[in-house]
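Below you'll find the structure, written out as structure tokens, and then a few comments.
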Amino acid sequence: MRFMSIVTSSDHMQPTPELLEAMHKLADREIKAGRMIDTAGLMPLATGARVTIKDGKLRVVDGPFVEAKEVVGGYAIFELQSKEEAVALAVEFMQLHKDFMPGWEGTCEVRAYFEPNAEGVCDPLAEARA
């Protein structure tokens, strides 16, 4: 199964050199194990743009975005056996932040890739009803 881990935070702090080193070690381990497909940190909001549709109209807004509260800071894509394995990697990754960047707060969201035959794929409440 393929999973994407997405890191968001309202803290706009640069990663410490120690955190960067620890993240690189984790990424190297996972790449060598054949589990990590891709990973990257993202540039600041000021360098981006948003394309939205509202009231039937397309709109392009260059960053920075005043209304942004939480920002996607990076992502990783894995090929794993289970959601539990994906969550365990997310916990390990977030522990690095706790250890090497005290005071930082954020979230790592783990999402499985869409598979056409999966149950509840188009039903956002499928988990809640199970």
Farthest positive-ward along the range 7-57 dipole, Cα basis, beta-carbon charges - from His24, Ser9, Gly56: Gly56
Lysine pair count for the range 1-110 [Cα-Cα under 22 Å; pairs on different chains or 8 or more apart]: 4
Average accessible surface area per residue within the chain, 1.4 Å rolling probe, Å²: 74
Theoretical gain in end-to-end length, Glu85 to Arg29 [0.36 nm per residue, Cα-Cα removed]: 18.7 nm
Computed E for Gln95/Asp62 - FRET, C-beta separation, R0 35 angstrom, nearest 0.05: 0.45
Shape call, the range 1-47: gyration tensor on alpha carbons, a/c limit 1.5: oblate
Solvent-accessible area, 1.4 Å probe, carbon plus sulfur percent, for the chain: 57
Magnitude of the charge dipole, the chain, Cβ model with Lys/Arg +1 and Asp/Glu -1, debye to 20: 340
Modelled FRET efficiency - R0 35 Å, Glu21 with Ala46, Cβ distances, 0.05 increments: 0.85
Net length gained if the chain between His12 and Ile77 were fully extended (0.36 nm per residue, minus Cα distance): 21.1 nm
Residue-level accessible surface for Arg2, protein heavy atoms, 1.4 Å, Å²: 90
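The values are calculated or read from the model by the stated rules, or taken from the named source; none is laboratory data. All values reported here derive from a predicted model rather than from experimental measurement. Cβ atoms come from the backbone with ideal geometry, glycine included; neighbour counts cover every protein chain shown. Quick note on the areas: whole protein, heavy atoms, side chains included, nothing else; ligands and nucleic acids left out. Shrake-Rupley method; radii C 1.70, N 1.55, O 1.52, S 1.80 Å.
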